[in-house]
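To start, the structure itself, in structure tokens.
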Amino acid sequence: MYKYLTIFLFVLAFVGPARSQQSDEMSDVYLYQDTGEQTTIAQILASAKFTKSSSNLLNLGLGYKNYWIKTSIAEKVKDTRDFSVFIDQSRLFYVEVFYVKNGQVIFSQHNPFYNLIPNKKSIGNINYFKIPNNISTLRPDIYIHAVSKELFVGPVEVQKTSSSVSLLVNRDLIFGLYSGALLIMMLYNLFLYFSVQDRSYIFYVFYIFFTWLTQISVQGFASKYFWPENQWLHQHSVTILSLIALLFGLFFTITFLNIEKIARKFYKLLLTIFFLTCITLAVSFTSYLSIAFAFMQLLTFLSCIVALVIAYYVYFKKGFKPAGYYLLAWTTLIIGIMIFIAKDYGIVPYNKWSIYVLQIASIIEVTLLSFALADKINYFKKENELSQLQALEISKENERLIREQNVELEIKVQERTEELQATNSNLNQAIIDLKNAQSQLVDAEKMASLGQLTAGIAHEINNPINFVTSNIKPLELDINDLKEVITKYEKIDLNSDVVQQLKDIESFKKQIDLAFVNNEIVSLLSGIQEGAKRTAEIIRSLRNFSRVDETDMKPVDLNEGLESTLILIRNNLPDYLKVVRDYGNLPKVDCLPGKINQVFMNLISNGIQAIKSKPLHEEEEYLTVKTWYEDQEVKISIKDTGIGMTEETKHKIFEPFFTTKEIGEGTGLGLSIVFSIVEKHKGHIEVISKVNHGTEFIVTLPANTQ
């Protein structure tokens, strides 16, 4: 790339001078601004008042301008042959040249609109007007009618045709070198885009392409080679292409400098410029071209300043090193733009260097931005290597910490395991005691259903049982917490961030308050042990009242068992309760008579209690006992007109220790025992109940048909 820049500057050094001062071959230049649009040369000759210009370098301003320029071949020129009129401004809308002698037009030269753009076969980027020798020898006054719709800045020359030809040939050479340099940069960055898949490169390729199109449009080469017959494109191309290049420049800036993350406060400013550029681009397609052109210049200048500020911030404040090349590139371009504009106002000389300074600056800018993109790859490569090194150090440190933690963890796990084993042993013993207590309570429930002994004993046994059962659930939750801590230690991933995992475990320990959990386990086990001890004492006192002689299955008439049960509870029946008996003809059933009678006792007693629990009683409440034989099965129905139960209660009534009675009035084991006895006899029990409409229990047992 530097080779192309060196060749470009070397060729430029030998290009003929573009004079900023009036040449010796032409006389003074006079100007007249035509306020009308249909003024003829005859009217100009008759009444126009020309004003002398200080130089042949004309700056007629922006927008629609209609000027007449008057000059001639200098008097001191002896040989006036082979002269031409050369207007160094390819963007003129309309040009016509008149040659006047003694107040009369003796010759004129006129072409269609944009007649300064040569065809593809001609040299250079501008047509010149060759003065016929028979006209030039007469030394006529030269009147140039120039109409511009854009910015008109450039010299007007009357010089030897060979000078014009030499200048245009050199411009063709410079155009080729400039285009070649940018083409190489486009292909280079396009290759990098396909290699690294970074959007910055493709945006940059489009930015270079439209920058190149803009530059050759300003010089007229785009109209010469790409749209020679399109007046609209010739007129609008500079503004449109500049705005498109600006859009891709903004895209490139945002992605390359990672503005959205590194400099978020500048991101919205660039988006604002982006939307303003889009609006201006839309306006450039309308008839308000001069307004769009002015806004294009303003947005371009503003974008350059903002890009410099962002690059400075990202490079010096955020330490993003590739932004250094970016900052230098945009600084170079802004300096080039300032020199290019300054030459139009005579601040710097109008010469070959100031004419091509924008192209030189753009080549340097493109080169530096390419360096910035390449440096970005190296920057991220170094960052990646550094992060890998840091990751390796962290991995080694993690390995050391893991070894240390493993030792500590093994000790703690061993301690916790011993504690849990001891706790588990105590818990197993408590469960055994509870099972024993439950077995003994079944016998106690049987005795309670047969006599008044149950009332006092049930109250005594209920307290320790409730005490034990209330401690089991918290104990289970505490053990689950300890198990979860151990599981978290077992699941430590040595390939991940071990320190963070250990921190998470410590955080979880604090969350569950591990010290409190340990103390609570000790307290709960102590409570269970105490409850079990008290239960065992009560059970030992009840063994003398339990029956142990009912171990053999016997064929039994269930109607007799029901009747015996009703006789035993007769004293518990209130006056308003009437027992309805509806016994069917039943076959005998193989069963344990005492157990089956216990089922009947519990169900009938519950029915009586349900009726007594009603807040208001009918004149007659009913307890209906019904039996029948159906499909090789015996069915026993015990139905009351009591308070009934909800669906939720109905689903829980067979659970051990579930009761709807007040404390001291029941153990909650009655129906659980009933359910167990029925199942052991290979039968089943059905519950039909509705709140305030009573309850019906239907017991089904297999019949003995042999």
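The values are calculated or read from the model by the stated rules, or taken from the named source; none is laboratory data. Small disclaimer: the values here were computed from a predicted structure and weren't measured. Quick reminder, even Gly has a Cβ in these numbers, built from the backbone with ideal geometry, and neighbours come from all protein chains shown.
Points worth noting:
- Contact map, the stretch 588-607: first residue farther than 14 Å from Ile673 by Cβ, second residue in a helix (DSSP H, G or I) and of a type in the set (Gly, Ala, Ser), Cβ cut-off under 8 Å, separation 6 or more or different chains; pairs are Pro593/Gly561.
- Set Glu397, Glu393, Glu404, Glu365: member being at pLDDT 70 or above, part of a helix (DSSP H, G or I) and surrounded by 13 or more Cβ atoms within 10 Å (Cβ to Cβ): Glu365
- There is no residue in the stretch 641-661 that is assigned to a strand (DSSP E or B) and over 60 Å from the mean Cα position of the chain (by Cα).
- Residues within the stretch 188-221 that are of a type outside the set (Val, Ile, Thr), farther than 18 Å from Ile254 by Cβ, out of contact with any Leu (no Cβ under 6 Å at 6 or more places or on another chain) and in a helix (DSSP H, G or I), tallied: 10
- Among the residues of the stretch 551-579, those identified as among the hydrophobic types (A, V, I, L, M, F, W, C), part of a helix (DSSP H, G or I) and modelled with pLDDT of 80 or more are Leu558, Leu562, Leu566.
- Look at (1) touching a Ser or Thr at 6+ places or on another chain (Cβ under 7 Å); (2) surrounded by fewer than 18 Cβ atoms within 10 Å (Cβ to Cβ); (3) outside the structural domain of Lys130 (by TED's automatic domain parsing) and you find that Asn230 fails only one, number (1).
- Matching entry among Val196, Val218, Val165 (being under 28 Å from Met26 (Cα atoms), of a type outside the set (Asp, Glu) and not assigned by TED's automatic domain parsing to the domain that holds Ser72): Val218
- A count restricted to the stretch 281-318 and to residues that are over 32 Å from the mean Cα position of the chain (by Cα) and among the hydroxyl-bearing types (Ser, Thr, Tyr) stands at 6.
- Test: residue in the stretch 163-171 that is free of Cβ contacts under 8 Å to residues at least 12 places away in the same chain, assigned to a helix (DSSP H, G or I) and either of a type outside the set (D, E, K, R) or surrounded by fewer than 18 Cβ atoms within 10 Å (Cβ to Cβ) (or both): no
- Among the helices (runs of 4 or more DSSP H) confined to the stretch 253-315, the ones with at least 2 residues that are buried (at least 19 other Cβ atoms within 10 Å of the Cβ) and of a type in the set (A, V, I, L, M, F, W, C) are located at 264-284, 289-312.
- Number of positions in the stretch 685-706 that are at pLDDT below 90 and among the acidic types (Asp, Glu): 0
- The residues of the stretch 605-632 that are touching a strand residue (DSSP E or B) at 6+ places or on another chain (Cβ under 7 Å), modelled with pLDDT of 90 or more and more than 16 Å from Asp575 (Cβ to Cβ), listed by number, are Thr624, Val625, Lys626, Thr627, Trp628.
- Residue list for the stretch 120-153, restricted to those being part of a strand (DSSP E or B), in contact with an Asp or Glu (Cβ under 9 Å, 6 or more places away or on another chain) and modelled with pLDDT under 75: Val153
- Boolean, Lys510 is farther than 27 Å from Arg400 by Cα, free of Cβ contacts under 8 Å to residues at least 40 places away in the same chain and in the same structural domain as Val413 (by TED's automatic domain parsing): no
- For the stretch 172-202, taking the residues that are among the aromatic types (Phe, Trp, Tyr) and within 27 Å of Asn127 (Cβ to Cβ), the one that is surrounded by the fewest Cβ atoms within 10 Å (Cβ to Cβ) is identified as Phe175.
- Flag if Ile698 is assigned by TED's automatic domain parsing to the domain that holds Ile611, of a type in the set (A, V, I, L, M) and not in a strand (DSSP E or B): no
- Taken together, Lys533, Lys488 contain a single residue that is of a type in the set (Lys, Arg) and at pLDDT below 75, which is Lys533.
- Pairs where the first residue, in the stretch 280-305, is without any contact (Cβ under 8 Å) to a residue 60 or more places away in the chain and the second is surrounded by fewer than 15 Cβ atoms within 10 Å (Cβ to Cβ) and not in a helix (DSSP H, G or I), C-beta under 8 Å, 6+ apart: Ala292/Thr286
- Condition met for Ile638 (buried (at least 16 other Cβ atoms within 10 Å of the Cβ), within 25 Å of Pro555 (Cα to Cα) and β-branched (Val, Ile, Thr)): yes
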